[in-house]
Amino acid sequence: MVSKRPNASTRETYGKTLLEMAGEFPDIVVLGGDLNVSVFTHLWRDKHPDRFFDFGPAEQNLVGVSAGLAASGKIPFVSTFAVFGTGRPFDQLRVLVAQPHLNVKLVCTHAGLLTGEDGMSAQGIEDLALTCSLPGFTVVSPADSPETAQVIRAAAVTPGPFYVRLSRAATPVVHGPGYRFNLGCAETMRDGSDVAILATGVMVSVSLDAAELLAQQGINARVINVHTLKPLDEEAVVSAARDAGAVVTAEEHYIHGGLGSIVSQVLGQKRPVPVEMVALEGYAESAPAQELMVKYGLTPQRVADAAQRAIKRKG
Amino acid sequence: MQAIAKELRRDVVQTIYTGGSGHPGGSLSEMDILVTLYFHVMRHDPANPRWPDRDRLILSKGHASAGLYAVLAKAGYFPKAELPTFRKLNSRLQGHAHPMTPGVEMNSGSLGMGLSFALGCALAARLDKRRYNVYALLGDGECDEGQVWEAAMAAAHHRATNLVAIVDRNRIQNDRTTDEVMKLEPLAMKWRAFGWRVLETNGHDYTALISTLERASQRQGRPTAIIAHTVKGKGVSFMENNPSFHGKAPSAQELEKALQELA
Ligand SMILES: Cc1ncc(C[n+]2csc(CCOP(=O)(O)OP(=O)(O)O)c2C)c(N)n1
Ligand SMILES: [Mg+2]
């Protein structure tokens with residue numbers, strides 16, 4: 001990553017956390033689609049084969065079976081890549097999980113641009129839009145590995161459908177050991193009142209770096225980690241807009257239907273202020289993840305530029 | 001049971017007529033299968049629809065909800081007086097079966113999903129060391145959906161011996177016959193090739209249905225598929241084998257004629 005922070009793998013944290021939870025949560029069962037090594041659920045598979053089911057790359061069935069298990073009192077954790085877990089079985093998520101509000105936990109890795117070399121078909125840049133469009137889903141995009149560990153626990157104890165978005169690449173750690181994740185409560189990571197940067201996922205780290213760049217020019221940026229996209233912490237969003245008068249959203253996702261859309265929807269209704277969005281404008285290509293982040297504009301400099309534009313528009 | 005089925009077929013045409021829309025063809029073809037399951041084969045408790053040890057019927061062909069509602073009302077899951085609320089505002093009887101109705105296990109309306117859901121229920125029985133069976137009722141047109149075959153492969157792989165798929169083989173789907181829309185034969189060979197034990201039965205003959213379903217509940221290390229040969233629209237002459245009554249309510253005159261035939 002661009003930042004100087006040490007990197008850690010959120011998907012590895014996922015697999016390890018889940019394994020730690022096995023004794024405490026006897027109803028958890030883990031379901032996979034032939035990508036268990038990649039999503040680190042092989043750790044669980046090898047320890048708890050009786051509570052693990054592989055369905056091969058057949059995601060419609062994978063989600064369908066999870067719904068039947070959830071309806072029978074189990075807590076199924078379903079994991080594959082974001083494209084295969086949200087796109088392929090979208091109708092199954094809609095009809096079998098969201099509509100009956102079943103307790104299915106969908107934890108997908110390889111979301112976004114950070115999937116890198118596998119190219120556009122593997123880069124899930126629509127997963128947040130898809131899952132946020134499902135009534136009753138909780139949607140969380142953790143900023144780093146320490147947060148991921150707590151999100152996975154929150155998923156297990158929060159009733160109802162739950163989507164967690166993780167990356168392929170190891171990502172910068174932005175939280176210290178004392179961090180407490182609060183589902184649905186956005187986290188202010190840096191205070192400031194000239195502009196508010198609302199970021200999610202890996203863009204939290206990028207935005208913290210952007211805030212440093214802005215500070216060098218005398219601009220104080222508030223940086224908020226919007227880990228929970230749904231339900232959105234509207235209060236934090238509105239008060240950021242009120243205090244700073246200008247907002248930047250930053251996400252490693254398509255510009256439609258993700259954080260920028262969701263924040264703009266709330267601000268348009270409750271506190272109209274200038275909003276600038278840093279997000280993907282379309283499909284990308286195959287390349288090392290870091291080079292893609294630069295080419296497609298997901299850098300501290302681009303976030304800082306967006307902040308400058310937002311401040312100029314304050315009027 | 002024949003007498004019950006006749007009464008419930010009257011309920012089906014009446015319910016769909018009152019609702020103004022619905023799917024009579026598949027509701028009538030599945031009726032004898034459902035009556036055999038709910039009144040002879042399955043262990044279930046209408047007073048306790050969520051009884052954890054119950055046998056489960058998953059209506060994957062959820063458009064044929066009117067048939068299931070008639071059966072559930074007769075069994076006592078909810079008052080028969082609710083049937084006229086079918087498809088009306090504030091009703092528990094949704095157009096496609098939804099678990100808000102007591103006795104309905106799964107939300108439906110998008111074809112191809114029920115066998116996967118049923119497999120999830122079947123695997124949960126194994127995890128919980130419960131003895132229940134899970135029956136998934138599929139349409140034959142529904143077998144065009146790829147997910148059915150994903151689930152078929154997975155159920156055999158995971159040795160879901162307590163899972164029974166029943167195909168309502170009425171040879172008609174939405175627009176036309178299954179032969180015209182998408183050939184399914186050799187259907188029994190397909191299930192067999194996917195690792196299932198296959199039984200075939202006349203889906204309207206109670207002696208045959210009972211013996212087939214009883215055989216299916218004797219576990220044999222494999223899931224069981226039953227191809228139930230049925231007549232779409234069974235019991236109402238002008239609906240029988242008539243694709244136009246797949247998803248259309250009868251007119252007032254048609255209702256009267258149907259009720260006469262089913263008297
Ligand atoms: C995924 C999906 N595609 C299309 C439809 C529309 N549709 C409803 S019923 C039907 C035909 C079903 O035929 P079959 O399974 O043979 O049902 P039956 O004859 O038992 O009524 C179709 C295509 C649907 N409900 N779901
Ligand atoms: Mg049919």
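Scoring A:Glu126 on the criteria (1) within 14 Å of the chain's Cα centre (by Cα); (2) open to solvent by less than 30 Å² (accessible area, probe 1.4 Å) leaves a single failure, condition (2). Any residue at all in the range B:199-211 that is buried (at least 24 other Cβ atoms within 10 Å of the Cβ), within 12 Å of ligand 1 (Cβ to nearest atom) and polar (S, T, N, Q)? No, the range B:199-211 has no match at all. Entry remark, the range A:41-54: residues being open to solvent by less than 40 Å² (accessible area, probe 1.4 Å) and either closer than 18 Å to A:Val95 by Cβ or more than 14 Å from chain B (Cβ to nearest Cβ) (or both) number 3 in total.
Exactly one residue out of B:Ala97, B:Ala73, B:Ala122, B:Ala81 is away from ligand 2 (no atom under 16 Å from the Cβ) and closer than 28 Å to A:Ile28 by Cβ: that is B:Ala122.
Among the residues examined, B:Ala165 does not qualify as part of a helix (DSSP H, G or I) and open to solvent by less than 10 Å² (accessible area, probe 1.4 Å).
Quick check on this structure: which one of B:Ala208, B:Ala263 is within 25 Å of B:Asp11 (Cα to Cα) and more than 21 Å from the chain's Cα centre (by Cα)? Outline the logic, then answer.
Working: B:Ala208 fails: more than 21 Å from the chain's Cα centre (by Cα).
Sole residue among the options that is within 25 Å of B:Asp11 (Cα to Cα) and more than 21 Å from the chain's Cα centre (by Cα): B:Ala263.
Within the range A:273-293, the set of residues being touching a residue at least 40 places away in the same chain (Cβ under 8 Å) and open to solvent by 60 Å² or more (accessible area, probe 1.4 Å) comprises A:Tyr283, A:Glu285, A:Ser286. Using the structure shown, decide if A:Val30 is assigned by TED's automatic domain parsing to the domain that holds A:Val164, out of contact with any Gly (no Cβ under 9 Å at 6 or more places or on another chain) and crowded, with 22+ Cβ neighbours inside 10 Å. Against the criterion (assigned by TED's automatic domain parsing to the domain that holds A:Val164, out of contact with any Gly (no Cβ under 9 Å at 6 or more places or on another chain) and crowded, with 22+ Cβ neighbours inside 10 Å), A:Val30 qualifies.
Mind listing whichever residues of the range A:5-27 are open to solvent by 40 Å² or more (accessible area, probe 1.4 Å) and away from chain B (no Cβ under 14 Å)?
Initial filter on the range A:5-27 (open to solvent by 40 Å² or more (accessible area, probe 1.4 Å)): A:5-7, A:11-12, A:16, A:19-20, A:23-24, A:26-27.
Listed by number, the residues that qualify are A:Arg5, A:Pro6, A:Asn7, A:Arg11, A:Glu12, A:Lys16, A:Leu19, A:Glu20, A:Gly23, A:Glu24.
The single residue among B:Ser211, B:Ser217, B:Ser237 that is within 26 Å of B:Asn133 (Cβ to Cβ) and free of Cβ contacts under 8 Å to residues at least 40 places away in the same chain turns out to be B:Ser211.
The conditions of being away from chain A (no Cβ under 14 Å), over 15 Å from B:Ala64 (Cα atoms) and either touching a Leu at 6+ places or on another chain (Cβ under 6 Å) or within 14 Å of ligand 1 (Cβ to nearest atom) (or both) are not met by B:Arg169. Within 16 Å of ligand 2 (Cβ to nearest atom) and farther than 30 Å from A:Leu62 by Cβ, is that true of B:Ala47? Judged against the criteria, B:Ala47 is not a match.
I'm checking my understanding of the structure. Among residues of the range B:5-32 that are open to solvent by 10 Å² or more (accessible area, probe 1.4 Å) and part of a loop (DSSP other than H, G, I, E, B), which one is farthest from ligand 1 (Cβ to nearest atom)?
B:Gly20
With the condition kept exactly as written, say whether any residue in the range A:85-106 is open to solvent by 10 Å² or more (accessible area, probe 1.4 Å), more than 14 Å from chain B (Cβ to nearest Cβ) and modelled with pLDDT of 95 or more. Looking through the range A:85-106, at least one residue is open to solvent by 10 Å² or more (accessible area, probe 1.4 Å), more than 14 Å from chain B (Cβ to nearest Cβ) and modelled with pLDDT of 95 or more. The requirement of being open to solvent by 40 Å² or more (accessible area, probe 1.4 Å) and touching a helix residue (DSSP H, G or I) at 6+ places or on another chain (Cβ under 6 Å) is fulfilled nowhere in the range B:52-68; no residue meets it.
Conditions tested, residue by residue: (1) touching a residue at least 12 places away in the same chain (Cβ under 8 Å); (2) away from ligand 1 (no atom under 16 Å from the Cβ); (3) more than 14 Å from B:Pro52 (Cα to Cα); (4) facing another protein chain (nearest Cβ under 8 Å).
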{"residue": "B:Thr101", "(1), (2), (3), (4)": "yes, yes, yes, no"}
{"residue": "B:Leu111", "(1), (2), (3), (4)": "yes, no, yes, no"}
{"residue": "B:Ala118", "(1), (2), (3), (4)": "yes, no, yes, yes"}
{"residue": "B:Tyr132", "(1), (2), (3), (4)": "yes, yes, no, no"}
{"residue": "B:Gly141", "(1), (2), (3), (4)": "yes, no, yes, no"}
{"residue": "B:Val148", "(1), (2), (3), (4)": "yes, no, yes, no"}
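The values are calculated or read from the model by the stated rules, or taken from the named source; none is laboratory data. If you're wondering where the values come from, they're calculated on a predicted model, not measured in any experiment. Every residue, glycine as well, gets a Cβ built from its backbone with ideal geometry; the counts of neighbours run over all protein chains shown. These area figures cover heavy atoms from the full protein model, side chains too; ligands, DNA and RNA do not enter into them. Shrake-Rupley method; radii C 1.70, N 1.55, O 1.52, S 1.80 Å.
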